[in-house]
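Note sheet for the following structure.
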Amino acid sequence: MNLLRKACGITLCLIALPLARTAAADDTVPVGGASNAPQPLWEVGIGAVAGTVADYPASDRYQARFVPFPYFIYRGHLFRSDENGAHLHTDVLSNVELDVSGGVSFATPSSSSGPRAGMPDLKYLAELGPNLKITLARPSSDTRWLLELPVRAVISLNGLHDAYQGVVFTPDIGIHTRSVLGSRWSGYAGVGPEFASARFQQYFYQVDAQYALPDRPAYDAHGGYFGSRLELGASHKLGRDFRVFFFGRLDDYAGARNEDSPLYQSRLGYTAFAGISWAVWRSKEVVSMPEENRQP
């Protein structure tokens, strides 16, 4: 489903979004963190990811994907584009932040066989909306428990016709660390349910009468509970300019609002990606980022 979460900076190819969670901790900050470690004002780089993802939520068909991407990081005082996405950052309270989050989902063409045979292709989906982030606890200077409450509007990237595809709400509670088991790896683990409007779920599970077949009866999809997910990720810097990262996700669609749809094929789904990024250019100008504005 919406595996493309958390922008790896502003990428012209937004397919890199799901993997940036794994790099959410800025390990340029020393363990134990200096309060104002200087960092470049901006960075520009390139990267690539490869992995496997389902054709659509609750599908039993998977595709291998390889995607190169450019990225841009900007560390301004109000507007920031970093490992946590492109956002206008506002500190509501000492442990509460409000920013803008986004994501993108892969397109999937309908084939001549399978559950969606003869139906319209699934286009790329883009999501954008506010995200309330609450720090629940800080076991150490390198680790924090974070509750995120993102609400996003969804559009399909197929021109202006029927572009709006509903709203999703994907709360998440997770642990972010700059030192996994005392190592120099950054990591993330999180879990949460997903809810979606009727229009969003119709995009995947609706079967209009014109597409009905004997083994694919017409079905009217509804809004509500969409499923639950468990995400794991890790990243590590190789020298000054390179970073490797890994991302895995397990989805459980049991009890989902539209599990009676003929397009609902599997209770469980998974996603697995690995990638590498290279920081090609950095600004000579540096900025000091306060400790409370860094991840974790």
**Message:** Please go through the stretch 139-158 and give me each residue that is under 20 Å from D172 (Cβ atoms) and of a type in the set (A, V, I, L, M), ordered by number.
**Reply:** L146, L147, L149, V151, A153, V154
**Message:** Any residue that is in contact (Cβ under 8 Å) with a residue 40 or more places away in the chain and part of a loop (DSSP other than H, G, I, E, B) - is there at least one of those in the stretch 149-156?
**Reply:** no
**Request:** Output the residues belonging to the stretch 214-228 that are under 15 Å from M119 (Cβ atoms) and either in contact (Cβ under 8 Å) with a residue 40 or more places away in the chain or touching a Pro at 6+ places or on another chain (Cβ under 6 Å) (or both).
**Result:** D215, R216, P217, Y219, A221
**Complete:** The lone condition I175 fails out of (1) out of contact with any Phe, Trp or Tyr (no Cβ under 9 Å at 6 or more places or on another chain); (2) closer than 22 Å to F246 by Cα; (3) among the aliphatic types (A, V, I, L, M) is (1)
**Residues that are assigned to a strand (DSSP E or B) and farther than 20 Å from V96 by Cα, drawn from the stretch 158-188** = Y164, Q165, G166, V167, V168, S186, G187
**Message:** Just to verify a result, which residue in the stretch 130-147, among those that are loosely packed, with under 15 Cβ neighbours inside 10 Å and among the aliphatic types (A, V, I, L, M), is nearest to D215 (Cα to Cα)?
**Reply:** L136
**Filter result for F72 (surrounded by 14 or more Cβ atoms within 10 Å (Cβ to Cβ) and at pLDDT 80 or above)** = yes
**Asked** For the stretch 148-161, which residues satisfy the criterion of being surrounded by fewer than 17 Cβ atoms within 10 Å (Cβ to Cβ) and at pLDDT below 95?
**Response** L157, N158, G159, L160, H161
**Prompt:** In this structure, is A107 at pLDDT below 70, in contact with a Lys or Arg (Cβ under 7 Å, 6 or more places away or on another chain) and among the hydrophobic types (A, V, I, L, M, F, W, C)?
**Reply:** no
**Asked** Of G190, G166, which residue is surrounded by 16 or more Cβ atoms within 10 Å (Cβ to Cβ), in contact (Cβ under 8 Å) with a residue 24 or more places away in the chain and on the phi > 0 side of the Ramachandran plot?
**Response** G166
**Asked** Taking the condition farther than 16 Å from Y56 by Cα, surrounded by fewer than 20 Cβ atoms within 10 Å (Cβ to Cβ) and modelled with pLDDT of 95 or more, does G224 pass?
**Response** yes
**Residue that is nearest to D208 (Cα to Cα) [pool: residues in the stretch 111-129 that are surrounded by 13 or more Cβ atoms within 10 Å (Cβ to Cβ) and in contact with a Pro (Cβ under 7 Å, 6 or more places away or on another chain)]** = P115
**Request:** For the stretch 23-55, enumerate the residues that are within 22 Å of G182 (Cβ to Cβ) and modelled with pLDDT of 50 or more.
**Result:** A37
**the stretch 242-255, residues that are within 14 Å of G275 (Cα to Cα) and either over 14 Å from the mean Cα position of the chain (by Cα) or crowded, with 21+ Cβ neighbours inside 10 Å (or both)** = F242, R243, V244, F245, F247
**Message:** Just to be sure I understand, how many residues within the stretch 193-238 are of a type outside the set (S, T, Y), over 19 Å from the mean Cα position of the chain (by Cα), in a strand (DSSP E or B) and over 17 Å from V154 (Cβ atoms)?
**Reply:** 5
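Quick grid of which residues meet (1) polar (S, T, N, Q); (2) in contact with a strand residue (DSSP E or B) (Cβ under 9 Å, 6 or more places away or on another chain); (3) under 16 Å from I155 (Cα atoms); (4) free of Cβ contacts under 8 Å to residues at least 60 places away in the same chain:
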| residue | (1), (2), (3), (4) |
| --- | --- |
| E97 | no, yes, no, yes |
| S105 | yes, yes, yes, no |
| S111 | yes, no, no, yes |
| G114 | no, no, no, yes |
| G118 | no, yes, no, no |
| D121 | no, yes, yes, yes |
| A126 | no, yes, yes, no |
| P130 | no, yes, yes, yes |
| P139 | no, yes, no, yes |
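The values are calculated or read from the model by the stated rules, or taken from the named source; none is laboratory data. As the structure is a prediction and not an experimental result, all values here were calculated from the model. All Cβ positions, even for glycine, are placed from backbone atoms using ideal geometry, and neighbour counts span all protein chains on display.
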